[in-house]
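> If you scroll down you'll find the structure; I have some questions about it.
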Amino acid sequence: MYEKIVAPTTGSKITFKDGLPIVPNDPIVPFIRGDGTGVDLWPASQKVMDAAVEQAYGGDRKINWFKIYVGDEACDVYGTYQYLPQDSLDAIKEYGVAIKGPLTTPIGGGIRSLNVALRQIFDLYACVRPCKYYDGTPSLHKTPELLDIIIYRENTEDIYLGIEWAKDSEIGKKLIEYLNNELIPATPEHGKKQIRLDSGIGIKPISKTGSQRLVRRAIT
């Protein structure tokens, strides 16, 4: 099934029903070590997670880790510029989950950001950030114990969509001319604004559909 990765021989897949995970006692979880600090962070993180599961479930549950490759390590295994191999994408699709460390910015074009590429391939539209105070943590706030919130950020639209053209590019210049000569003059609230001809230009679409599904995610 895979070219250069081998799934664990023990463990079970996480399944999903109505969008919610059904987690067995021995889930198989693909992991991406990551680049840079990931080389040091991942082994420590894995030990912490294994110890937490052991402590919480008294040995009744166990994560079966499945190593897959993205980033510099993928290039070492699959070849030059193979930052995002199909093996790894197939494994994430097969097992429904994955955890990753920090990833490098690819060199040589094609993929600007591996993080954004993964978000768009799997439509990971919600960046979910729990923020909670833990006793004993130093804080400048008067009542830090009241902090217990979850922040949701749209993860795939706006600048993450990456629709951009460099300055002096043929399409970029055509778009600037069209905006300056047609669209901006036809929009009274923009007045006499003009885009400099030597500008790089990007489009940051924010859809009603994307906004509403993020809100639904946050309140359900």
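The values are calculated or read from the model by the stated rules, or taken from the named source; none is laboratory data. Bear in mind that the values here come from a model prediction, so they are computed numbers and not experimental data. Reconstructed Cβ throughout: ideal geometry from the backbone, glycine too, with neighbour counts over all protein chains shown.
> Out of segment 1-48, which residues are within 16 Å of A98 (Cα to Cα), β-branched (V, I, T) and more than 19 Å from the chain's Cα centre (by Cα)?
Scanning segment 1-48 gives I5, V6, I14, T15, I22, V23, I28.
> Would you check if A91 is assigned by TED's automatic domain parsing to the domain that holds R33, in contact (Cβ under 8 Å) with a residue 40 or more places away in the chain and surrounded by 14 or more Cβ atoms within 10 Å (Cβ to Cβ)? Don't jump to the end; show me each part of the working.
On the way: assigned by TED's automatic domain parsing to the domain that holds R33: yes; in contact (Cβ under 8 Å) with a residue 40 or more places away in the chain: yes; surrounded by 14 or more Cβ atoms within 10 Å (Cβ to Cβ): yes.
It is true that A91 is assigned by TED's automatic domain parsing to the domain that holds R33, in contact (Cβ under 8 Å) with a residue 40 or more places away in the chain and surrounded by 14 or more Cβ atoms within 10 Å (Cβ to Cβ).
> Considering segment 94-124 alone, what residues qualify as being surrounded by 19 or more Cβ atoms within 10 Å (Cβ to Cβ), without any contact (Cβ under 8 Å) to a residue 60 or more places away in the chain and either outside the structural domain of P30 (by TED's automatic domain parsing) or more than 15 Å from D35 (Cα to Cα) (or both)?
Matches in segment 94-124: A117, L118.
> Specify which of the listed residues (P30, P21) is in contact (Cβ under 8 Å) with a residue 60 or more places away in the chain and surrounded by 13 or more Cβ atoms within 10 Å (Cβ to Cβ).
Details: P21 fails: surrounded by 13 or more Cβ atoms within 10 Å (Cβ to Cβ).
P30 is the lone residue from the list that is in contact (Cβ under 8 Å) with a residue 60 or more places away in the chain and surrounded by 13 or more Cβ atoms within 10 Å (Cβ to Cβ).
> Take the residues of segment 159-188 that are surrounded by 15 or more Cβ atoms within 10 Å (Cβ to Cβ) and assigned to a helix (DSSP H, G or I): which is farthest from the chain's Cα centre (by Cα)?
Out of the qualifying residues, it is N180.
> Got a sec? Which helices (runs of 4 or more DSSP H) wholly within segment 57-151 have at least 3 residues that are under 17 Å from the mean Cα position of the chain (by Cα)? Spell out how you get there, then give the answer.
Numbers: elements: 72-78, 86-95, 114-121.
Helices (runs of 4 or more DSSP H) meeting the threshold: 86-95, 114-121.
> Would a scan of segment 7-29 turn up a residue that is assigned to a loop (DSSP other than H, G, I, E, B), in contact with a helix residue (DSSP H, G or I) (Cβ under 7 Å, 6 or more places away or on another chain) and more than 23 Å from D87 (Cα to Cα)?
The answer is no, given that none of the residues of segment 7-29 is assigned to a loop (DSSP other than H, G, I, E, B), in contact with a helix residue (DSSP H, G or I) (Cβ under 7 Å, 6 or more places away or on another chain) and more than 23 Å from D87 (Cα to Cα).
> Tell me which residues, restricted to segment 93-113, are of a type outside the set (G, A, S) and under 29 Å from K208 (Cβ atoms).
As a first pass, look at segment 93-113 and keep what is of a type outside the set (G, A, S): 93-95, 97, 99-100, 102-107, 111-112.
Answer for segment 93-113, where residues must be of a type outside the set (G, A, S) and under 29 Å from K208 (Cβ atoms): K93, I111, R112.
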